[in-house]
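Take a look at the structure below.
Bear in mind that the values in this text are calculations on the coordinates, not laboratory data. All of these numbers come straight from a predicted model, not from anything done at the bench. Ideal geometry is used to build each Cβ from the backbone, glycine not excepted, and the neighbour counts take in all protein chains shown.
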Amino acid sequence: MPATVHASPLVLVRGATKIHAKDKAPVVALASVDLEVQPGEFVALVGPSGCGKSTLLNLLSGVDRADEGEVRVAGLELRDAGDAQLVDLRRRVVGIVFQSFHLVPHLTVAENVALPLALAGRSDPARVRALLEAVGLGQRASHYPGELSGGEQQRTAVARAVVHKPAIVLADEPTGNLDSAAGAAVLQLLDQLRRESGSALLLVTHDAALAARADRVVRLKDGRVAQPSSGEATAT
């Protein structure tokens, strides 16, 4: 059963709990988290290290599953979804930018960016070229990840995440390894995607200036949604 993009909300999380085992002792990474993200919305997810931000992104991408609660993306309940459904969701609906890049070392920059299209049986060399130019890597298309700086690898990962025009982009510190100019270019690209296709953006960041550009800020603390400060909103 393929994943299908539904109207509103694009993301629906209710009572999501995730518990990890550490040294045989349970560690609560998320505790009864609620979240909604609407199509086209830019939500910044903030909070101290270890508060559950990356865990939440992993649940929304289907990389991990909640132990309790409801996690829906584009109408698909991820806790009960089969592996084939989760693969289809990531190929068509979700774009992911991880902190560790996950570039394929034996593929060129252009091939890495085109990978989501290739996995879906599609080809769009013009879009790949346009994205590489947009993130300042037009001259690096034939290079390999090992020949790139950390910032260049990050920009490659961002281009790969949006090449298939996903309904939502999950980005874990996408500008963390970039200088201010490169970071601004990446944000401009993500904003352009939202304008063109109505995509949503859920962005994990420690950058207060970046979070301030979001439509809404959701703050996590100790695995829970914290009460908003002035100008912020809760996840519900």
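For Ser180 and Glu147, what does the FRET efficiency come to when R0 = 22 Å and r is the distance between their Cβ atoms, rounded to the nearest 0.05?
0.40
Would you work out if the range 37-80 is rounded, prolate or oblate? Take a ≥ b ≥ c from the square roots of the eigenvalues of the alpha-carbon gyration tensor; rounded if a/c is under 1.5, else prolate when a/b is larger than b/c, oblate otherwise.
Because a/c hits 1.5 or more and a/b fails to exceed b/c, the range 37-80 counts as oblate.
Just to confirm the number: angle between the C-alpha axis of helix 125-134 and the first principal axis of the chain, 0 to 90 degrees, nearest 10?
Between helix and principal axis, roughly 80 degrees.
Averaged over every viewing direction, what's the projected area of the C-alpha convex hull for the range 124-236? Give it in nm², one decimal, please.
Dividing the Cα hull surface by four gives the mean projection, 8.2 nm².
Using θ = phi - 60° and the Karplus form 6.51 cos²θ - 1.76 cosθ + 1.60, what ³J(HN,Hα) does each residue of the range 46-54 get, whole Hz, x for Gly and Pro?
10, x, x, 4, x, 8, x, 4, 5
Once Rh for the range 1-117 is found with the Kirkwood sum over Cα pairs, what is the Stokes-Einstein diffusion coefficient at 25 °C and 0.890 mPa s, in µm²/s?
158
Could you tell me how far the Cα centroid of the range 107-137 sits from the Cα centroid of the range 191-230, in Å?
26
How much length is gained if the chain between Lys165 and Glu77 is pulled fully straight, taking 0.36 nm per residue apart and subtracting their Cα-Cα distance, in nm to one decimal?
Net length gain for the segment: 29.5 nm.
Give, as ranges by residue number, the residues of the range 144-177 whose backbone N falls under 12 Å from the point 7 Å along Cα→Cβ of Ser197.
Correct set: 159-170.
For the chain, what percent of Cα pairs sit more than 30 Å apart?
23
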